Structure formats: structure tokens, C-alpha cells
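The values are calculated or read from the model by the stated rules, or taken from the named source; none is laboratory data. This structure is a prediction, so every number in the text was calculated from the model and none was measured. Cβ placement follows ideal geometry from the backbone for every residue including glycine, while neighbour counts extend to all protein chains displayed.
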Amino acid sequence: MNGTVALVGGAEWTEGCTFDAALADGVDEVLVIPTALAYENPGHALARAEAWFADLGARLRVLDIYRRADAMAADVAVAADARLVYVPGGSPMHLRSVLHETPLLDALVSAWSNGANVAASAEGASTLCAHMVDSRGGAFTVGLGLITTMTVVPRANQWSHDKFHRTVQLAHPGLPVVGIDERTALVYGPDGSWRVEGAGGVKVVVDGQTADLDALPRWLNPAQSV
């Protein structure tokens, strides 16, 4: 059975991210793939993650993938065997270019298919989508394509009304646009259900109309029906 997927709006591993306790329940080790942080300060974020998960009873394991060559040479068994994988935010374009069509990405999908929980935060969550939102202007570009049935606007609490409206206008007909606030997760369960956890809110818009979670598909990708 597939594992749980948590699409986090940003500000991961900070107060208010109450959903992490359930994701890490019964997990001894959390695998973090900090690729999107390559041009920032990975060490600072990873130190925060280590302390955060230590409080939840799990140790941190980091897969140091910062270049495409790293992804192609990675020990994919580490990812395939993980029980909780976390992909933090950062540069979406870099994350996409590094992971696109790699054995490592295939291993992550395999881990999820075998019951692992997967959390992707901020730009990490957006990059999983086929229709990836460009946070600089609200338009779309091509993401990794693991989620084809919706698109994610991360850090929605920081977006202006006009920029969010632009994204909604540019979305394909019938494609849900989901704005997720920081310290908030839209959680997809193994049974295809959706729920919101954390400190903020989630906004779903389909064809320009505000909708509730029932408007979201029961699968992330038609090839992965529950």
C-alpha cells in the first residue's frame, strides 16, 4: 500500500508543524534530501531538522545530493528503503534539473509505493507537480510530473491576491490550484483521502471557483490509483 504524502507550504521543521509527529510515528530514521538548498545554507536547515526530529524520537540521515552527478551516482537503496523521506524547499528549478529522470527519483517513488511516508515542503512540493508554479511570477513551468492531477502554490500566505489570481487564470481547465500556507500540510492518505494539518490553511480553486477538499482527486497521478 502507498504511504502518506504531506505537501507542506513551507517553514518546515518549525513550531506549528504538528503533522510531523504522525509522519514520524514509529520511524527510527528520517531521510532528508536537501537538493533544493544547494545555493542556500543547507547546514543551518539540516541542524534545525536534526533537532526537530530528535524531539520526535527519530535520527536524521542526509543524502547529500546537490548536483545531477550526485543524483546519478547516489546509493538508491538508501532512498528505496527509507520509511520517511523529506524534501525541503529552496530552488525549484535546481531541484527539478537534478532529480529529473534519475534512478534516485525512481527509488523515491518505489519507497512511497511500498508504504514510506513522503513529505515535500514549499518549492519541493511544487516541483513534484507536472504543472509547477513559478513562484517569481505565478506562471507555470514543467515540474517532475509525479503529481499530475493538481498544482501546488507554496507559501500561499505570502502571495498577493493578484499573483494567486494570475496562477488560477493560467491553470488548465479543471486543474485544481492548491495554495498551502507555511507551517501547514495538505496530507494525502493511503486511502486517497485529503486532510489539512498544521498552523495555517489551504485554499483550493478549480476553474476560478473556490472549492473544498472534496474537489481534489483521489489519486496524485492517474497511473497510481488507490
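Tabulated values for the structure
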{"read-out": "Selected residue (criterion: farthest from the chain's Cα centre (by Cα)) from residues of the stretch 184-201 that are assigned to a loop (DSSP other than H, G, I, E, B) and without any contact (Cβ under 8 Å) to a residue 60 or more places away in the chain", "value": "ASP191"}
{"read-out": "Hits in the stretch 28-49 - residues which are within 22 Å of TRP112 (Cα to Cα) and under 19 Å from the mean Cα position of the chain (by Cα)", "value": "GLU29, VAL30, LEU31, VAL32, ILE33, PRO34, THR35, ALA36, ALA49"}
{"read-out": "Count - residues of the stretch 43-65 that are touching a Leu at 6+ places or on another chain (Cβ under 8 Å) and more than 14 Å from TRP13 (Cβ to Cβ)", "value": "3"}
{"read-out": "Among residues of the stretch 142-174, those that are of a type outside the set (A, V, I, L, M, F, W, C) and in contact with a helix residue (DSSP H, G or I) (Cβ under 8 Å, 6 or more places away or on another chain), counted", "value": "5"}
{"read-out": "Filter result for ASP81 (at negative phi and at pLDDT below 95)", "value": "no"}
{"read-out": "Of the criteria (1) in contact with a strand residue (DSSP E or B) (Cβ under 8 Å, 6 or more places away or on another chain); (2) within 23 Å of VAL187 (Cβ to Cβ); (3) hydrophobic (A, V, I, L, M, F, W, C); (4) surrounded by 14 or more Cβ atoms within 10 Å (Cβ to Cβ), which one VAL62 fails", "value": "(2)"}
{"read-out": "Check on GLU101, at positive phi, charged (D, E, K, R) and either exposed (fewer than 15 other Cβ atoms within 10 Å of the Cβ) or not in a helix (DSSP H, G or I) (or both)", "value": "yes"}
{"read-out": "Qualifying residue in the stretch 69-90 (condition: touching a helix residue (DSSP H, G or I) at 6+ places or on another chain (Cβ under 6 Å), under 21 Å from ASP134 (Cα atoms) and surrounded by fewer than 18 Cβ atoms within 10 Å (Cβ to Cβ))", "value": "no"}
{"read-out": "Residue list for the stretch 109-126, filter: surrounded by 24 or more Cβ atoms within 10 Å (Cβ to Cβ) and in contact (Cβ under 8 Å) with a residue 40 or more places away in the chain", "value": "ASN117, VAL118, ALA119, ALA120, SER121, ALA122, GLU123, GLY124, ALA125"}
